[in-house]
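Novice: Dropping a structure here in structure tokens format, bear with me for questions.
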Amino acid sequence: MTPPKIALLGAILESNRFAPPAELVDFTSLTWLAGDALLSEARATPPKLAPEFAAFVRAMDATGDWTPVPCMLAASHPAGPVRKAVIEEVIATSEDMLRAAGPVDAVYICNHGAMVAEHDHDPDGLLMSRIRGVVGPDVPITATLDLHANISQRMVEACDLIVGYRTNPHVDQIERGEEIAFSLRRILASSVRPKVAHVKLPLVPASVTLLSAEHPYGTLIDLGQRRQAEYLGEVLNVSVFGNFLFSDTPDNGLSIVVTAREDERVANALAVELADMAWSLRKDFVRQLTSIEEAVAISSGQDRAPVIFSDAGDNPGGGGSGRTTELFAALHAAGVSNCLFGSFCDPELASEAHRVGVGNRFKARFNRACDTTVSWAKWDLPFEADAEVLALHDGDVVGERGMTAGRRLALGPSAALRVGGITVVVITDRTQTADPVFFHMFGLDITSARTVVIKSRGHFRAGFSNWFSPSEVFEVDTGGLTSPVHDRWPFTHLPRPNYPMDEDTAWTA
């Protein structure tokens, strides 16, 4: 038997409509790989690219002969709409490499699923449909997506199998990459093409309500997995996509995607059952945040357990700048002590700390290079305070826990500064602090801190679960590009009516 010839490609970006556009440098500084270099990095230890992509390659390597056709993988940290020229280059390069390789037996696409382009609300679907145009109607196309994807009908029509993450915080990317490899082997061994069903609801929850270990989102995911098991192999995959609110697209909304081995009726029935349950739980997809005043009061308290705060309005993992000073300034003004704060993205400040040197003091000027007249930087207010340089690092580390465990991170020149009673980590690369390595690379002891503040929305929960139980986690209502309060944003493309923005929204399957 001839080994299957499988094309590999993808474009990974979670777009926040209100953030600065995603430029070419945002991709080349993270992942911009093609051909043999892409395949080599996927097989590296540890890999620097998306874990599910590397897992797919390794699973295919482990399960038999195959002929990989590595096209192109591009990835950026979450940002604004991608420039037309950038996404068109990714798509065109993949198309050209596919044509040059000749006929393939299947395609694996590694995307995020919540990308927006300056010329298209759905560049994920655009990429998938263009690839379908190259390989033709008979070649299976499979895709992995983040569970925050905004599923479009164009995506569903282009793909034979869509697999979404099941965990938030995301700690199952490796399993999902392996799953799609095993499923693809099964699809290629069969003469039957899978059937995909998709149901979208007018339910647009904020990401803070999409924790997979908690109700209501976890309840939906768990039911989907139980039902999949009950179908005894007829259902290949059940994915519940929560959507990414800040993309602000016509395709926003919680989506159920079910892939059956061959019976479309089975896929449709299960998708409708899960959608009905999701709608019945819609009021549970609303979450109360902790005010800044409450956070300061908690931090100032003496007789309490250690706590961890999410600076929810400024999550770089959702397009936030990583530079807002609102919560930091409030804690500093209150004289809060024994506090770790991670991480502030300020290349200029990190560079100055390296020039000053360990053990020396200087006037730390946060956000000196920010233009707060620009809409996406209006929360990045300047802040100045005396600081001592505690430690320095080049930022080249490997993740320890949670979604970045075992993955190489390039944080750029970084510093730990003591500012009053707060030790703040300053980094160069705009990355959410979802892993304890952000503190450990400086030798900072998390167990000794009474308050830890994280610029991350939810993924830090997996990285810091050794130190903080769910009852010790507080999401603080701060300003910034990822504030999860719906009525603070000038949405123009979200489907209306929707819940919770329109409380009287009606829906039936």
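Novice: For segment 62-104, which residues satisfy the criterion of being part of a helix (DSSP H, G or I) and of a type in the set (Gly, Ala, Ser)?
Specialist: Those that are part of a helix (DSSP H, G or I) and of a type in the set (Gly, Ala, Ser): 62, 85, 92, 94, 100, 101.
Novice: So which pairs qualify, if the first residue must be in segment 206-218 and modelled with pLDDT of 95 or more and surrounded by fewer than 20 Cβ atoms within 10 Å (Cβ to Cβ), the second must be assigned to a loop (DSSP other than H, G, I, E, B) and of a type in the set (D, E, K, R), the Cβ gap must be under 9 Å, and the two must be at least 6 apart or on different chains?
Specialist: Note: pairs meeting the criteria are 209/287.
Novice: Name the residues in segment 248-279 that are open to solvent by less than 10 Å² (accessible area, probe 1.4 Å) and either assigned to a loop (DSSP other than H, G, I, E, B) or more than 17 Å from residue 154 (Cα to Cα) (or both), would you?
Specialist: Those that are open to solvent by less than 10 Å² (accessible area, probe 1.4 Å) and either assigned to a loop (DSSP other than H, G, I, E, B) or more than 17 Å from residue 154 (Cα to Cα) (or both): 248, 249, 252, 253, 254, 260, 267, 270, 271, 274, 275, 278.
Novice: Report, by residue number, each residue of segment 224-239 that is open to solvent by less than 10 Å² (accessible area, probe 1.4 Å) and of a type outside the set (Gly, Ala, Ser).
Specialist: Across segment 224-239, the qualifying residues are 235, 237, 238.
Novice: If you don't mind, there's one more thing I want to ask. Before we move on, is residue 496 over 23 Å from the mean Cα position of the chain (by Cα), surrounded by fewer than 23 Cβ atoms within 10 Å (Cβ to Cβ) and more than 25 Å from residue 254 (Cβ to Cβ)?
Specialist: no
Novice: Okay, moving on. Can you pull out every residue in segment 372-388 that is part of a loop (DSSP other than H, G, I, E, B) and open to solvent by 20 Å² or more (accessible area, probe 1.4 Å)?
Specialist: Result: 372, 373, 374, 378, 379, 381, 382.
Novice: Right, another one. Right, residue 125: open to solvent by less than 40 Å² (accessible area, probe 1.4 Å) and more than 19 Å from the chain's Cα centre (by Cα) or not?
Specialist: Answer is no for this residue.
Novice: Please give the number of the condition residue 442 fails out of (1) in a loop (DSSP other than H, G, I, E, B); (2) within 22 Å of the chain's Cα centre (by Cα); (3) closer than 21 Å to residue 359 by Cα.
Specialist: Looking at each condition in turn, residue 442 falls short on (2).
Novice: Moving on. Scan segment 65-85 and tell me whether some residue there is under 30 Å from residue 247 (Cα atoms), among the charged types (D, E, K, R) and open to solvent by 10 Å² or more (accessible area, probe 1.4 Å).
Specialist: yes
Novice: Which one of these is at pLDDT 95 or above and either assigned to a loop (DSSP other than H, G, I, E, B) or open to solvent by less than 40 Å² (accessible area, probe 1.4 Å) (or both): 369, 364?
Specialist: Result of the check over 369, 364: 364.
Residue by residue, here is whether (1) of a type in the set (Asp, Glu); (2) in a loop (DSSP other than H, G, I, E, B); (3) touching a strand residue (DSSP E or B) at 6+ places or on another chain (Cβ under 7 Å); (4) open to solvent by 40 Å² or more (accessible area, probe 1.4 Å) holds:
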site: 390; (1), (2), (3), (4): no, no, yes, yes
site: 409; (1), (2), (3), (4): no, no, yes, no
site: 417; (1), (2), (3), (4): no, no, yes, no
site: 426; (1), (2), (3), (4): no, no, yes, no
site: 435; (1), (2), (3), (4): yes, yes, yes, no
site: 438; (1), (2), (3), (4): no, no, yes, no
site: 447; (1), (2), (3), (4): no, no, no, yes
site: 456; (1), (2), (3), (4): no, yes, yes, no
site: 466; (1), (2), (3), (4): no, yes, no, yes
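Novice: Which residue is surrounded by the most Cβ atoms within 10 Å (Cβ to Cβ), if the candidates are limited to segment 468-493 and must be of a type in the set (Val, Ile, Thr) and within 14 Å of residue 246 (Cα to Cα)?
Specialist: So, considering only residues that are of a type in the set (Val, Ile, Thr) and within 14 Å of residue 246 (Cα to Cα), the one surrounded by the most Cβ atoms within 10 Å (Cβ to Cβ) is 482.
Novice: Against the condition under 20 Å from residue 182 (Cβ atoms) and within 22 Å of the chain's Cα centre (by Cα), how does residue 238 come out, does it pass?
Specialist: Yes.
Novice: Can I ask one more? Which of the residues spanning segment 1-28 are modelled with pLDDT of 95 or more and among the hydroxyl-bearing types (Ser, Thr, Tyr)?
Specialist: 15, 28
The values are calculated or read from the model by the stated rules, or taken from the named source; none is laboratory data. Please read these numbers as outputs of a predicted model, since none were measured by experiment. All Cβ positions, glycine included, derive from the backbone under ideal geometry; neighbour counts span all protein chains shown. Note: areas computed on protein heavy atoms with side chains; ligands, DNA, RNA excluded. Shrake-Rupley method; radii C 1.70, N 1.55, O 1.52, S 1.80 Å.
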